[in-house]
Amino acid sequence: MHINKSFEEFIKGIPKAELHLHIEGTLEPKLMLELAKRNKVKLKYDSVDELHKAYSFKNLQEFLDIYYAGATVLITEQDFYDMTWAYLAKAHLQNVIHAEIFFDPQTHTNRGISFDTVINGIHKALEDAKTKFGLTAKLIPCLLRDLDVESAVQTLNQVCSYKNWIAAIGLDSAEVGNPPSKFKEVFNTARQNGFLTVAHAGEEGPAEYVWEAINLLKVSRIDHGNNSLDDEKLVDYLSEQKIPLTFCPLSNLKLKVVTDLKKHPLKTMLEKGLMVTINSDDPAYFGGYVNENYLSIAESIGLLHDEVCVLAKNSFNASFLTEQEKQFYINKVEEYNKNFNE
Ligand code: ADE
Ligand code: ZN
């Protein structure tokens, strides 16, 4: 389906939140090469073109290998600031007014970069975006599920020194063979320390991993969750409990989680009344930021005007903002819709 210019403008302009975004996945080739030069880090690829050509993936693991290699250019606090600022400026242009941002501490601490360096650089950029754009943000450090539990425990200890800057703990990286159950105890400790929890589940892994994330990790949201559709009881449960799913259509296409966006579970889930949202995951690698994700899925599955409003409202309802803050943002969506229609 081809969407008309006015609908495209409506989608681009609608106030939205982004809830599934890995800050390391926003490192654009140009900045990656600049940082490599600045820090004298050798990369396998040395032009923007070569990097773009390398971004063709058969599955999640092929992507992760390149994504972790790309992150090796990040050394100083200024590097983390620059990367985060570039994302926030872009998000602002796309009318993202609230963002809940993942970062992968172990990707950096395992290379000898201190946790303080990473979080200070990211946090400064968030502060500046609030001042300059009025864009609010929350931080979600993710534990790498393919590393051992001991490393996750150490990372959680580091995170605990920055409680005031952190909203929740997440779980990401290579899913199959690393079920949520592996991190049950660590997530218990995280919750005892006052953190909310989220987890990637059902991206490449089975619906059973989504159940585990809910029952064992007590997550407030499921990141991806595509394979939930294989389990009718699970879909009913997600619907009854209003557990949000943070979908990333272009990521799913690039990582072959779906063969065609027309077959993306979003439409079915939306029709079943699930709390689904649209996000960009790793936009520098998957060919689009949040608006491109909205537009591609809208074209492929024929999203309706009202469904776009629901998705934008869901993005705030599924966030970790207070009820009062959510209402403030949702009013903005309603006002935008009303003014657009006039
Ligand atoms: N880390 C960054 N992007 C990811 C994804 N889509 N799935 C799992 N881990 C990730
Ligand atoms: Zn992700």
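The values are calculated or read from the model by the stated rules, or taken from the named source; none is laboratory data. Values in this document were obtained by computation on a predicted structure and should not be read as measured data. Here Cβ is always computed from backbone atoms with ideal geometry, including for glycine, and neighbour counts include all displayed protein chains. The area values use the complete protein model at the heavy-atom level, side chains included, leaving out ligands, DNA and RNA. Shrake-Rupley method; radii C 1.70, N 1.55, O 1.52, S 1.80 Å.
Picking from Thr131, Thr136, which residue would you name as being in contact with a Lys or Arg (Cβ under 7 Å, 6 or more places away or on another chain) and either within 17 Å of Asp104 (Cβ to Cβ) or open to solvent by 10 Å² or more (accessible area, probe 1.4 Å) (or both)?
So the residue among Thr131, Thr136 that is in contact with a Lys or Arg (Cβ under 7 Å, 6 or more places away or on another chain) and either within 17 Å of Asp104 (Cβ to Cβ) or open to solvent by 10 Å² or more (accessible area, probe 1.4 Å) (or both) is Thr136.
Return the residues of the range 152-185 that are in contact (Cβ under 8 Å) with a residue 40 or more places away in the chain, within 16 Å of ligand 1 (Cβ to nearest atom) and among the polar types (S, T, N, Q); say none if nothing qualifies.
Matches in the range 152-185: Thr155, Ser173.
Name every residue in the range 239-255 that is away from ligand 1 (no atom under 13 Å from the Cβ) and part of a helix (DSSP H, G or I), in order of residue number.
Within the range 239-255, Ser239, Glu240 qualify.
Residue by residue, here is whether (1) assigned to a helix (DSSP H, G or I); (2) surrounded by fewer than 18 Cβ atoms within 10 Å (Cβ to Cβ) holds:
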| residue | (1), (2) |
| --- | --- |
| His2 | no, yes |
| Ser6 | yes, yes |
| Leu33 | yes, no |
| Phe57 | no, no |
| Ile75 | no, no |
| Gln78 | yes, yes |
| Asp82 | yes, no |
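Test Ser315 against the criterion of being modelled with pLDDT of 95 or more and out of contact with any helix residue (DSSP H, G or I) (no Cβ under 8 Å at 6 or more places or on another chain), and give yes or no.
Taking the combined requirement at face value, the residue satisfies it.
Conditions tested, residue by residue: (1) open to solvent by less than 10 Å² (accessible area, probe 1.4 Å); (2) more than 16 Å from ligand 1 (Cβ to nearest atom); (3) assigned to a strand (DSSP E or B).
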site	(1), (2), (3)
Tyr237	no, yes, no
Val257	no, no, no
Met269	yes, yes, no
Leu274	yes, yes, no
Thr277	yes, no, yes
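If you check every pair at least six apart or on different chains, which have Cβ atoms under 6 Å apart with a residue in the range 108-127 that is modelled with pLDDT of 95 or more first and a residue that is open to solvent by 70 Å² or more (accessible area, probe 1.4 Å) second?
Once the first residue is modelled with pLDDT of 95 or more and sits in the range 108-127, its partners that are open to solvent by 70 Å² or more (accessible area, probe 1.4 Å) give His123/Trp165.
Determine which member of the set Leu139, Leu93, Leu144 is of a type in the set (A, V, I, L, M, F, W, C), free of Cβ contacts under 8 Å to residues at least 40 places away in the same chain and within 16 Å of ligand 2 (Cβ to nearest atom).
Among Leu139, Leu93, Leu144, only Leu139 is of a type in the set (A, V, I, L, M, F, W, C), free of Cβ contacts under 8 Å to residues at least 40 places away in the same chain and within 16 Å of ligand 2 (Cβ to nearest atom).
Any idea which residue in the range 35-51 is surrounded by the most Cβ atoms within 10 Å (Cβ to Cβ), counting only those that are within 17 Å of Asp82 (Cβ to Cβ) and not hydrophobic (A, V, I, L, M, F, W, C)?
Checking each candidate, the answer is Arg38.
Of all residues in the range 302-331, how many are open to solvent by 70 Å² or more (accessible area, probe 1.4 Å) and among the aromatic types (Phe, Trp, Tyr)?
Going through the range 302-331 one residue at a time, the tally reaches 1.
Within the group Gly194, Gly287, which residue is more than 15 Å from ligand 1 (Cβ to nearest atom) and either among the small types (Gly, Ala, Ser) or modelled with pLDDT under 95 (or both)?
Gly194
Each row is one residue, and each column tells you yes or no for (1) hydroxyl-bearing (Ser, Thr, Tyr); (2) free of Cβ contacts under 8 Å to residues at least 40 places away in the same chain; (3) more than 16 Å from ligand 2 (Cβ to nearest atom); (4) over 22 Å from Ala129 (Cα atoms).
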| residue | (1), (2), (3), (4) |
| --- | --- |
| Met1 | no, no, yes, yes |
| Lys5 | no, yes, yes, yes |
| His22 | no, no, no, no |
| Phe57 | no, no, no, yes |
| Met83 | no, no, yes, no |
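Under 6 Å by Cβ, and 6 or more places apart or on different chains, what pairs join a residue from the range 60-72 that is away from ligand 2 (no atom under 15 Å from the Cβ) and of a type outside the set (Gly, Ala, Ser) with one that is open to solvent by 50 Å² or more (accessible area, probe 1.4 Å) and modelled with pLDDT of 95 or more?
none
Inside the range 288-302, can you point out the residues that are touching a residue at least 60 places away in the same chain (Cβ under 8 Å) and either under 16 Å from the mean Cα position of the chain (by Cα) or part of a loop (DSSP other than H, G, I, E, B) (or both)?
Within the range 288-302, Tyr289, Val290, Asn291, Tyr294, Gly302 qualify.
Within 16 Å of ligand 1 (Cβ to nearest atom) and surrounded by fewer than 22 Cβ atoms within 10 Å (Cβ to Cβ), is that true of Ile23?
no
Out of Lys58, Lys37, Lys53, which single residue is of a type in the set (Lys, Arg) and within 16 Å of ligand 1 (Cβ to nearest atom)?
Matching residue, one of Lys58, Lys37, Lys53: Lys58.
Considering only the range 177-230, state which residues are within 16 Å of ligand 2 (Cβ to nearest atom), more than 18 Å from the chain's Cα centre (by Cα) and assigned to a loop (DSSP other than H, G, I, E, B).
Those that are within 16 Å of ligand 2 (Cβ to nearest atom), more than 18 Å from the chain's Cα centre (by Cα) and assigned to a loop (DSSP other than H, G, I, E, B): Asn178, Leu217.
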